[in-house]
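The values are calculated or read from the model by the stated rules, or taken from the named source; none is laboratory data. Keep in mind that what you see is a predicted model, and the values were worked out from it rather than measured. When we count neighbours, we look across all protein chains shown, and the Cβ atoms used for this are built from the backbone with ideal geometry, even at glycine.
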Amino acid sequence: MPVIEITQDPAALTLTVVAEFAAPLRRVWDAYLDPRELERFWGPPTYPATFLRHDAYPGGLSWYVMTGPEGDQHGGYWEWLRIDELRAFEVLDGFADLDGTPNREIPPMRMEIRFEEVDDGTRTVTTSQFASLEALEQQVAMGVIEGLRAAMSQIDEVLADLRTFAADQLTEAQLLSDTEIRVSRVIRGTVEQVWRAHHEPELMRQWLLGPEGWTMPVCDIATEVGQQYRYEWEQADGTGRFGFTGELLESAAPHRAVTTETMIGMDGPPTLNAMTLTPVDGGTLLVLRITYPSQELRDMVLGTGMTDGMETSYARLESLLT
């Protein structure tokens, strides 16, 4: 059982959870920074979480939805305040609407998780500070302690599954909802390198090509929020030309970029692409959350072999970086 101690301090308005894991510190740290792993234990077994956003950098925002056995859903968010790699991070932990909007009417907790090496593995110390004694007592009455024990009892299985999200795994796409997918891949390279490869035309033209035999004659990158980008590809013999265009909506270098995307010559609403880069063991975890206008379009795009094409490009990017 990972949890070895839970203490309440009404005077300090804190709830502290101490847990120990038979795994290296890096492995435990990455389990919290990788949304694919975090959602396997953030929440008790009867209320699993789905992380729709997870920006592990100061100023970033995470958003998750817990789904109960009757299909009921409850949203939550983390607002990232501080991150000291492999040592600690601190967030505001609060409730959110199902569209990810933080519910400011309910005061959030201030949560710090510290990571320490011990003889047999790693210890985490999670301290949640509440806005008032009433808020602390309310959470305890709602069963937060039992929920924490049940949730953290799942971590051992996650940590033991060393291969699921290893750096040598290929690009994968996971369904998040009827209209959303999450594409993930660990790329051998630093966050700064991967960011540059997505924002410098001379680099993009070398790797963002999909299958062999294609070139990228047009690579107009948006560098400021509100600017338009335009990418076009064609086969080496000059045939089969196609492309995409869109607008840069958000940019937080070198961690997050959000754009719209529309195929050139096609009508209809665009997709929304949110890319997040996070340092993990083996390189940089690239997570691309794609929101489609409809389930039909989502399924049609997935059926084209999109993931295979992205893997070819990401493998080419790795070769370029290394």
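Number of residues in the stretch 89-101 that are at pLDDT 90 or above and either buried (at least 16 other Cβ atoms within 10 Å of the Cβ) or under 13 Å from S128 (Cα atoms) (or both) equals 7.
Say whether the condition of being within 20 Å of the chain's Cα centre (by Cα), loosely packed, with under 14 Cβ neighbours inside 10 Å and more than 22 Å from A49 (Cα to Cα) is met by at least one residue in the stretch 115-132. No, that holds for no residue.
Is it true that some residue in the stretch 224-231 is part of a strand (DSSP E or B), modelled with pLDDT of 95 or more, under 19 Å from T307 (Cα atoms) and outside the structural domain of W80 (by TED's automatic domain parsing)? Yes, because at least one residue in the stretch 224-231 is part of a strand (DSSP E or B), modelled with pLDDT of 95 or more, under 19 Å from T307 (Cα atoms) and outside the structural domain of W80 (by TED's automatic domain parsing). Residue check: is E247 surrounded by fewer than 18 Cβ atoms within 10 Å (Cβ to Cβ) and free of Cβ contacts under 8 Å to residues at least 24 places away in the same chain? No; evaluated as a whole, the condition is false for this residue.
The set of residues in the stretch 61-105 that are more than 30 Å from L25 (Cβ to Cβ), part of a strand (DSSP E or B) and in contact with a Leu (Cβ under 9 Å, 6 or more places away or on another chain) comprises Q73, H74, G75, P102. For the stretch 24-39, a residue qualifies if it is outside any helix (DSSP H, G or I) and surrounded by 19 or more Cβ atoms within 10 Å (Cβ to Cβ), and the qualifying residues are D34, E39.
Return yes or no: is G265 surrounded by 15 or more Cβ atoms within 10 Å (Cβ to Cβ) and either in the same structural domain as D30 (by TED's automatic domain parsing) or on the phi > 0 side of the Ramachandran plot (or both)? No, not satisfied. Within the option set E105, E146, E137, E157, being exposed (fewer than 15 other Cβ atoms within 10 Å of the Cβ) and under 27 Å from P58 (Cα atoms) holds for one residue only, E105.
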